[in-house]
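In what follows, a structure is listed as structure tokens, so that the remarks can point back to it.
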Amino acid sequence: MIRQIANERNTVLAVPKGKKTISINLRNTNPDLFVYDNILISKTGFTNAAGRCVLMLVEKNNELFAVVVLGQKDVKNRSQVVGALLNVDIDRTPEPKITSTVEFEFSSPL
């Protein structure tokens, strides 16, 4: 249910409160959600210290990835960073093995 609501521009939740039902209006503030089709869920945020931020769960090549963007001055900059990250080709080539080692010797100053 959370994933379904997270993919809507606007949602109204009806929540029982005693004998009444209250309506809670939710609005999605992540414009990237409607540009890319592989974002499963996202959460935007803002504080003066952290700037514009977003956390997203993204599916690419049948794998799940977390994308975190912090400290952007505005939504446009945040979206540019998201676009760059979502368009990265994922290379699953194994990293080369290290052929040399470095030994360290530690001595105690006792």
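Go through the stretch 8-96 and name the trypsin sites (Lys or Arg not before Pro) that are in a DSSP coil and have 15 or fewer other Cβ atoms within 10 Å of their Cβ.
Qualifying residues, ordered by number: ARG9, LYS19, LYS73, ARG92.
Along the stretch 78-83, what does the Karplus equation 6.51 cos²θ - 1.76 cosθ + 1.60 (θ = phi - 60°) give for ³J(HN,Hα), rounded to whole Hz, x for Gly and Pro?
Going residue by residue, I get 4, 5, 5, 5, 4, x Hz, with x marking Gly and Pro.
Do any GluC sites (Glu not before Pro) in the stretch 1-70 lie in a loop, going by DSSP, with at most 15 other beta-carbon atoms within 10 Å of their beta carbon, and if so which? Could you put the intermediate results ahead of the total?
Working: sites: GLU8, GLU59, GLU63; in loops: GLU8.
Qualifying residues, ordered by number: GLU8.
Return the Rg/Rh value of the stretch 2-86, two decimal places, where both radii are evaluated on C-alpha atoms and Rh is the Kirkwood radius.
1.06
Note down the nm distance, to one decimal, between modelled labels 7 Å out along Cα→Cβ at ARG9 and at LEU85.
2.5
Computed from the coordinates by the stated procedures, all read-outs in this text should not be read as laboratory data. Bear in mind that the values here come from a model prediction, so they are computed numbers and not experimental data. Cβ: placed from backbone, ideal geometry, glycine included. Neighbour counts: every protein chain shown.
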